[in-house]
Each structure stands twice: as structure tokens, then as C-alpha cells.
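The values are calculated or read from the model by the stated rules, or taken from the named source; none is laboratory data. A quick note: this is a predicted structure, and the numbers were derived from the prediction, not measured. Here the Cβ positions follow ideal geometry from the backbone for every residue, glycine too, while neighbour counts run over all protein chains shown. Quick note on the areas: whole protein, heavy atoms, side chains included, nothing else; ligands and nucleic acids left out. Shrake-Rupley method; radii C 1.70, N 1.55, O 1.52, S 1.80 Å.
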Amino acid sequence: MAKVLTINDFNDKVKKEGVAIVDFFATWCGPCKMLAPIFEELGNELGDQAGFYKVDIDESLELANEYGIQSVPTMLVFKNGEVVDKLVGVTPKAGIKAKIEQQL
């Protein structure tokens, strides 16, 4: 299961991970709820190769602002602490997986 991060543990987890994908979401967001099981499946499949994390934009507005999140769901792919890719909206599982595998 993907861990929901706060601003306090974001840097410790995401910035120190080789490859990490962060799902910026909101509890009230319908498309976010559609994406959640896909994100969990990918976490189960690729969790030993990449970190899978979630950030609730309502709880961590500073992080959402820092990364320019303007709509949810938005997923950012990090490599060695730097954003290397961005996916906005509900993206098919194969598309997300391909973006992650490009960074492994």
C-alpha cells in the first residue's frame, strides 16, 4: 500500500529514493478514487524497484504549491530527488508503468 506522506516526511522518503512516484490527490476527487486501485496495483508490482507515495493536497498544501500541482490527480515521477516526469489525470496502468520503467 502506498504511504500517504506529509511535508515532514516527504524529503526523507521521496528525495532519498532512487525512483519514486508520488500521487497528489484529494479525498473529494472522483478521478483520484478511480486512479487509487491502479496506483496500488503498480505499487504491489514495482514496489521493490521504486517508492510509491501519496500526498493529500488538502493536508499538504505547501507541497502541492511547491510542485505546481494545479489539478488532481497529478503524479510526479522522481529520480534521485528530482522530478523527471509528470502525469495529469487518470492515466491507464500501462502508461504509468512505462513512465516508471523508463527511469529504472
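Express the relative contact order of the chain as a whole percentage, based on alpha carbon pairs under 8 Å and six or more residues apart in sequence. Don't jump to the answer; show the numbers that get you there.
Working: 172 pairs, mean separation 39.7, N = 104.
Across the chain, relative contact order equals 38 percent.
Tell me the carbon and sulfur percent of the accessible area for segment 3-102, rounded to whole percent, probe radius 1.4 Å.
Details: 2540 of 5110 Å².
Summing carbon and sulfur atoms, their accessible area is 50 percent of the total for segment 3-102.
Of all aspartates and glutamates in the structure, those lying under 14 Å Cα to Cα from K97, and not within fewer than 8 positions of it along the same chain, are D23, E40, E41, E45, D48, D85.
For the chain, taking Cα atoms only, Rg and Dmax work out to 12.1, 32 Å respectively.
Rolling a 1.4 angstrom probe over the protein heavy atoms with all chains in place gives the chain an accessible area of 52 Å² per residue. The listed peptides 7-13, 98-104, ordered by packing as a protection proxy, come out as 98-104, 7-13 (highest mean of other Cβ atoms within 10 Å first).
Rounded to the nearest 5, what is the percent of antiparallel bridges among the DSSP beta bridges in the chain?
Numbers: 12 of 21 bridges.
About 55 percent, rounded to the nearest 5.
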